[in-house]
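The values are calculated or read from the model by the stated rules, or taken from the named source; none is laboratory data. The structure displayed is predicted, hence computed values, not measured ones. With ideal geometry, Cβ positions are generated from the backbone for all residues, glycine too; neighbour counts draw on all protein chains shown. Heavy atoms of the whole protein, side chains included, go into the accessibility calculation; ligands, DNA and RNA do not. Shrake-Rupley method; radii C 1.70, N 1.55, O 1.52, S 1.80 Å.
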Amino acid sequence: MTLTAPAASTLEPLGPSFGAEVHGLDLAAIDDGQVAALRQALVAHKVLFFPGQDLTDDEQVEFGRRLGQLTAAHPVAAPLDAAHPEVYSIDSADPDFSFSDVWHTDVTFMEHPPLASILRAVELPPTGGDTSWADSQLAYESLSAPVQRLVDSLDAVHDGNREWGHHLKHGRRGQGNEWDGKTVTELTPVVHPVVRVHPESGRKGLFVNPGFTSHIVGVSEAESRGILDLLYAHLTKPENTVRHRWHVGDLGVWDNRSTLHYANRDYTAQRVMRRITLAGDRPWGPAR
Ligand code: SIN
């Protein structure tokens with residue numbers, strides 16, 4: 001994959017493997033060539049940061065539409081407001097706020113998890129509230145061959161009830177949003193391959209996460225726990241991660257097909273982020 005920056009911008013890698021800062025682009029006014037280059041850069045670098053963009057909610061939505069098809073804000077959480085059904089407000093002062101302080105990939109508890117997420121920093125605590133990402137392809141590629149062969153053959157159940165079941169049952173609305181063509185009224189666990197083949201690069205990555213994966217299919221509970229613990233410890237080794245210190249106006253875009261992330265819960269002042277997500281395909285594994 002060529003690592004070219006979109007025209008008129010510079011792309012500064014954050015580490016040897018993944019993550020990059022993009023400078024010199026105005027995301028509210030990018031052209032089609034720059035959009036295509038950004039899509040390529042996202043697959044190659046997995047998480048891209050655009051410092052100081054200061055987009056409005058509408059401009060964030062418009063930028064997302066240039067990159068792909070937007071989903072509802074979230075399968076369960078209510079959107080920002082009626083004018084922004086695609087915007088998920090992640091506001092630590094919200095009574096329904098759910099800290100993202102567990103490694104996860106967004107919405108893997110649905111059959112079609114989002115391809116990418118686009119997060120904007122609106123209000124930040126004076127310090128803290130960083131987000132980290134883990135590279136699931138680097139993690140897979142650095143496993144030994146026998147363990148790769150084992151995980152290549154496995155499927156896992158992802159269950160949104162772990163984090164969102166309570167909100168769906170006892171939330172203010174009693175139902176979620178439209179996802180996969182249906183209004184979400186319950187969260188039926190779904191099965192995904194443990195190793196996901198990236199639909200654009202063909203690279204394999206681990207596709208399990210402590211937030212939503214409940215167990216491995218067809219093995220005992222103890223075996224499932226042991227395999228998942230091994231994979232989680234490996235995924236989150238420091239050399240497989242990058243960390244971003246947010247500034248108001250920053251925008252981050254990440255590929256949910258090749259990363260996990262974790263929001264540090266180390267702040268007490270209000271932190272407000274706005275997220276939109278791009279519709280994705282059904283994950284497939286090496287056996288397909
Ligand atoms: C998320 O989990 O998508 C949000 C991460 C963050 O708030 O930093």
Check your understanding: Using a basic spin-label model with each label point 7 Å from the Cα along Cα→Cβ, how many nm lie between residue 182 and residue 281?
Key -> 2.3 nm
Revision key, fill the gap. Residues of segment 250-272 with backbone N under 18 Å of the label point set 7 Å from the Cα of residue 99 along Cα→Cβ are 261-272
Exercise for review: Might you tell me the accessible area per residue for the chain, computed with a 1.4 Å probe and given in Å²?
Suggested key: 43 Å²
**Study point:** Packing rank of 71-79, 275-283, where each peptide gets the mean count of other beta carbons within 10 Å, highest leading
**Key:** 71-79, 275-283
Practice item. Go ahead and set up a Gaussian network model of the chain, Cα springs under 10 Å, then flag whichever of 21, 123, 223 fluctuates most. Key: 223
Practice item. Among the aspartates and glutamates, select those whose C-alpha is under 19 Å from the C-alpha of residue 46, and discard any that sit fewer than 8 residues away in the same chain. Key: 12, 21, 106, 130, 135, 141, 200, 239, 250, 255, 281
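For segment 10-278, what relative contact order do you get, as a whole percent, if you take Cα pairs closer than 8 Å and at least 6 residues apart?
Reported relative contact order: 36 percent.
Compute, for the chain, the length of the dipole vector about the Cα centre, with Cβ point charges of +1 (Lys, Arg) and -1 (Asp, Glu) only. Units Debye, rounded to 20.
Using Cβ point charges on Lys, Arg, Asp and Glu, the chain gives about 600 debye.
Largest first, how would 284, 133 line up by accessible area (1.4 Å probe)? It would help to have the intermediate numbers written out before the result.
Numbers: 284 60, 133 0 Å².
Ranking 284, 133 by accessible area, largest first, yields 284, 133.
Which loop-located chymotrypsin sites (Phe, Trp or Tyr not before Pro) does segment 98-132 contain, where loop means any DSSP state but H, G, I, E or B and the Cβ has at most 12 other Cβ atoms within 10 Å?
99
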Point to revise | Paramagnetic reach from residue 288 (point 7 Å along Cα→Cβ, amide N under 17 Å) across segment 253-271 | key: 256-259
Check your understanding: What is the log10 of I(q)/I(0) for segment 39-121, computed with the Debye formula using one identical point scatterer on each Cα and no solvent, at q = 0.21, 0.27 Å⁻¹?
Key -> -1.31, -1.68
**Study point:** Stretchable slack from residue 214 to residue 144, in nm (0.36 nm times residue separation minus alpha-carbon distance)
**Key:** 22.8 nm
Study note, to complete from the structure: segment 261-288 scanned against label point 7 Å out from residue 127 along Cα→C-beta; backbone N under 14 Å for 266-269
Review point. Which trypsin sites (Lys or Arg not before Pro) from segment 1-109 combine a DSSP loop assignment with at most 11 other Cβ atoms within 10 Å?
Key: none
Study note, to complete from the structure: Rounded to the nearest 5, the percent of DSSP beta bridges in the chain running antiparallel is 95 percent
Check your understanding: Which semi-axis lengths, in whole Å and largest first, follow from the square roots of five times the eigenvalues of the Cα gyration tensor of segment 10-278?
Key -> 27, 23, 18
**Study point:** Whichever lysines have a C-alpha closer than 26 Å to that of residue 182, once near sequence neighbours (fewer than 8 apart) are set aside
**Key:** 169
Exercise for review: Using a 1.4 Å probe over the heavy atoms of the protein chains, calculate the carbon and sulfur portion of the accessible area of segment 10-278 as a whole percent.
Suggested key: 50 percent
